[in-house]
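Down below is the structure, laid out as structure tokens.
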Amino acid sequence: DELDRLSTLDLSDKAVSAFMEACEDYKIQPMTTIFTRDVIRKTFSQGFKNIKLASFDCISTIMAEEILNFDPDLLIVSTGCSYKREIEEMSKILKLSRNHAFLHCISIYPTPLEDANLSRLNYLKSLVKSVGISDHSNYEENGLDILKWGVCQNIEFVERHFTILDKGSTKDGVVSLNPEQMKEAVKICKWNDSEKNDFKKQNKKNR
């Protein structure tokens, strides 16, 4: 079942320690997703201070409250497949934290451009100060168009799957970026206002 499959993906304590050391060496802030309440304490004891809750835990307000008891530097909650009432209930919890954000997410792998629904970002912005996108589009078919339009709406966070393996050899390869594609995504995330305006004008001409 799903639990058995995912359990094989768990990192050992030794691997987590090596990951944290690498992040420190490269001056990267590590982040992890917490899926169950029983690992909250251990996660913080390993040194993680930036936490994400997956879309299916947008309704898990009790888990979010328990995470906030450990005073994370950042708590991000993804909102795929969530009802507005669930998102709004979670937003009340997030406002108790020092730093938080919602990720707009379409839980379709891969996400077609016509289903991106980026207008929902405005709704999320009405609930919390910081928003981002969890982009599951297929680079080979759509490039980074969803990311580009998201950046033009002044998002602050972006989540993308990443792989150094051949995309055909991994279950989520179709929604993952390879190293060169990730470099391209990082450049887009750093666009200034002029670059954003140029993109919007160019796409308006193409319609």
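Tabulated data for the structure shown
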| quantity | calculated |
| --- | --- |
| C-alpha center-to-center spacing [the stretch 72-111, the stretch 121-191] in angstrom | 17 Å |
| Linear extension gain, Tyr123 paired with Lys201, 0.36 nm per residue minus alpha-carbon span | 25.6 nm |
| Label-point gap, in nm, between Gln153 and Val186 - each point 7 angstrom along Cα→Cβ | 2.6 nm |
| Using alpha-carbon coordinates, inclination of helix 84-94 to the longest axis of the chain, degrees | 60 degrees |
| Of all accessible heavy-atom area on the stretch 1-137, the percent that carbon and sulfur account for (1.4 Å) | 53 percent |
| Per-q log10 I(q)/I(0), the stretch 54-152, q = 0.13 Å⁻¹ (Debye; single scatterer per alpha-carbon; no solvent) | -0.45 |
| Using a Förster distance of 35 Å, the FRET efficiency for Asp25-Ser169 (Cβ separation, nearest 0.05) | 0.80 |
| Whole-number percent relative contact order across the chain, with pairs defined as alpha carbons under 8 Å at least 6 apart | 12 percent |
| Cα-based Kirkwood hydrodynamic radius, the stretch 120-207, one decimal, Å | 14.1 Å |
| Hydrodynamic radius of the chain per Kirkwood, over alpha carbon pairs, in Å | 18.3 Å |
| Per-pair calculated FRET efficiency, R0 = 41 Å: Glu114 and Leu11 via Cβ, rounded to 0.05 | 0.65 |
| Mean ellipticity per residue at 222 nm, deg cm²/dmol - from DSSP H runs of n ≥ 4 across the chain, formula -39500 (n - 2.57) | -11500 deg cm²/dmol |
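The values are calculated or read from the model by the stated rules, or taken from the named source; none is laboratory data. Keep in mind that what you see is a predicted model, and the values were worked out from it rather than measured. Here the Cβ is made from the backbone with ideal geometry for all residues, glycine too, and neighbour counts use every protein chain on show. Ligands, DNA and RNA are stripped out before the accessible areas are found, and what is left, the full protein with its side chains, is counted by its heavy atoms. Shrake-Rupley method; radii C 1.70, N 1.55, O 1.52, S 1.80 Å.
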